[in-house]
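A.B. asks: Below is a structure I'd like to ask you about.
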Amino acid sequence: MGRNPLRRHASSRGWEQRAVTGITQQIHALDPLAQSKYLRDFYGAFQSYQCTVSREQVEGELLAADVVLLGDYHTLPASQQYAARVLELMARNGKFCCLGLEAIFADYQPVLDAWQRREISDQQLRLLLRFDNNWGYAWEPVRELLQAARRHEFPVCGLDCGPRSNLRAIRKRDRHAATRIAEIRADHPRTTVLALFGESHLAPGHLPALVRARRPKDKIVTILQNCDALYWQLAVDSDGSKPAVRICNGVFCVFTASLFEKYDSYREYLNGGEEKCLTTKDTKV
């Protein structure tokens, strides 16, 4: 007689929970910012969901939005790849979109514009942005996302400002990004802004509240990726994936990777550049 598939799934789930627990314990030991109140605000806000939704329902929300706030986990390429898929969705459906990135300081907009006009190469863009020093995460997934935007003639805007090294300045960065998003919408009211920002910025009282205060009439949709608490609550679909969920009105979570992949990517980053990580930035913020 064959093994019970439910028991096999439970065994796999137990292994992943133990593995993720081990990884997150290592991360907390390496990263003193992992226990900050700003991050606790994010994790505490998304502990339950209203219902599961289809991919088509999520796509409908994306296409109807004026502003999409998309949560990013900087060391996980699947996060940036999902953003590229959203751009493809917008293009397929005739929506004009502006890609806004936390990864790029707003002060570097002239460099981005020159790249979009094909006046400089990808490598020159990387160097002129001081990408490796200013951001420090993998270039290739961001490069592919930038190329997806340019392929569809979507403008790209830097949204962030410094300093990134000081968590006490993070609310200043949120205010700066919200103001920049509002400016883009005011200048181009028919343009959807897709803003890719670190997941913890998307707690209800963080960036979403600031954007809403500046653009009260806009339809603002928040899309989170791979929320921890929700991941464990959801069963795996027949295709091996987790269903998307509606957390509350205008807030959804999609699953683009396992939690093991998510946290293992951060552990590898910390182990590869621990000293830099602890003195310059936090992947989740």
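The values are calculated or read from the model by the stated rules, or taken from the named source; none is laboratory data. Please read these numbers as outputs of a predicted model, since none were measured by experiment. Cβ atoms come from the backbone with ideal geometry, glycine included; neighbour counts cover every protein chain shown.
A.B. asks: Sort out which residues of the stretch 147-171 are at pLDDT 95 or above and under 22 Å from Leu202 (Cα atoms), and write them in order of number. Break it down into steps so the answer makes sense when it comes.
C.D. replies: Going through the stretch 147-171, the residues at pLDDT 95 or above turn out to be 147-161.
Within the stretch 147-171, Val156, Cys157, Gly158, Leu159, Asp160, Cys161 qualify.
A.B. asks: Now for a separate question. Among the residues of the stretch 152-161 satisfying the criterion of being free of Cβ contacts under 8 Å to residues at least 60 places away in the same chain and either assigned to a helix (DSSP H, G or I) or farther than 19 Å from Ser79 by Cα (or both), which is farthest from the chain's Cα centre (by Cα)? It would help to see each step written out before you state the result.
C.D. replies: Taking the stretch 152-161 and keeping what is free of Cβ contacts under 8 Å to residues at least 60 places away in the same chain, we get 153, 155-161.
Right, trim to either assigned to a helix (DSSP H, G or I) or farther than 19 Å from Ser79 by Cα (or both) and you get 153, 155, 161.
Details: Glu153: 22, Pro155: 18, Cys161: 17 Å.
Per the criteria, the residue is Glu153.
A.B. asks: In the stretch 187-220, how many residues are in contact (Cβ under 8 Å) with a residue 24 or more places away in the chain and either of a type outside the set (D, E, K, R) or touching a Gly at 6+ places or on another chain (Cβ under 7 Å) (or both)?
C.D. replies: The total comes to 23.
A.B. asks: I would also like to ask the following. If I go through the stretch 165-201 residue by residue, how many of them are closer than 19 Å to Val86 by Cα, touching a helix residue (DSSP H, G or I) at 6+ places or on another chain (Cβ under 6 Å) and part of a helix (DSSP H, G or I)?
C.D. replies: The qualifying residues number 1.
A.B. asks: Restricting to the stretch 73-129, count the residues that are more than 25 Å from Glu268 (Cα to Cα), of a type in the set (S, T, N, Q) and without any contact (Cβ under 8 Å) to a residue 24 or more places away in the chain.
C.D. replies: 2
A.B. asks: Which residues, counting only those in the stretch 233-257, are of a type in the set (A, V, I, L, M) and in a loop (DSSP other than H, G, I, E, B)?
C.D. replies: Here is the first cut: in the stretch 233-257, the ones of a type in the set (A, V, I, L, M) are 234-236, 244-245, 247, 251, 254, 257.
Those that are of a type in the set (A, V, I, L, M) and in a loop (DSSP other than H, G, I, E, B): Leu234, Ala235, Val236, Ala257.
A.B. asks: Follow-up question, since we're still on this one. Applying the selection to the stretch 216-232, what residues are assigned to a loop (DSSP other than H, G, I, E, B) and of a type in the set (Asp, Glu)?
C.D. replies: We begin by selecting, within the stretch 216-232, every residue assigned to a loop (DSSP other than H, G, I, E, B); these are 216-219, 226-227.
Scanning the stretch 216-232 gives a single hit, Asp218.
A.B. asks: Give the residue, chosen from Gln80, Gln26, Gln57, that is surrounded by 12 or more Cβ atoms within 10 Å (Cβ to Cβ), over 21 Å from Ala148 (Cβ atoms) and modelled with pLDDT of 95 or more. If you could, list the steps in order and put the result at the bottom.
C.D. replies: Values: Gln80 fails: over 21 Å from Ala148 (Cβ atoms); Gln26 fails: modelled with pLDDT of 95 or more.
One residue alone meets the criteria, Gln57.
A.B. asks: Same structure again: Could you list, in sequence order, all residues of the stretch 107-144 that are under 18 Å from the mean Cα position of the chain (by Cα) and either surrounded by 12 or more Cβ atoms within 10 Å (Cβ to Cβ) or in a loop (DSSP other than H, G, I, E, B) (or both)?
C.D. replies: Of all residues in the stretch 107-144, those under 18 Å from the mean Cα position of the chain (by Cα) come to 131, 134-144.
If the condition is that a residue be under 18 Å from the mean Cα position of the chain (by Cα) and either surrounded by 12 or more Cβ atoms within 10 Å (Cβ to Cβ) or in a loop (DSSP other than H, G, I, E, B) (or both), then Phe131, Asn134, Trp135, Gly136, Tyr137, Ala138, Trp139, Pro141, Val142, Arg143, Glu144 are the ones that fit.
A.B. asks: Follow-up. List pairs: first in the stretch 233-255 and touching a residue at least 24 places away in the same chain (Cβ under 8 Å) and on the phi > 0 side of the Ramachandran plot, second assigned to a strand (DSSP E or B) and surrounded by 11 or more Cβ atoms within 10 Å (Cβ to Cβ), Cβ under 8 Å, 6+ apart or cross-chain?
C.D. replies: Gly250/Ile220; Gly250/Val221; Gly250/Thr222
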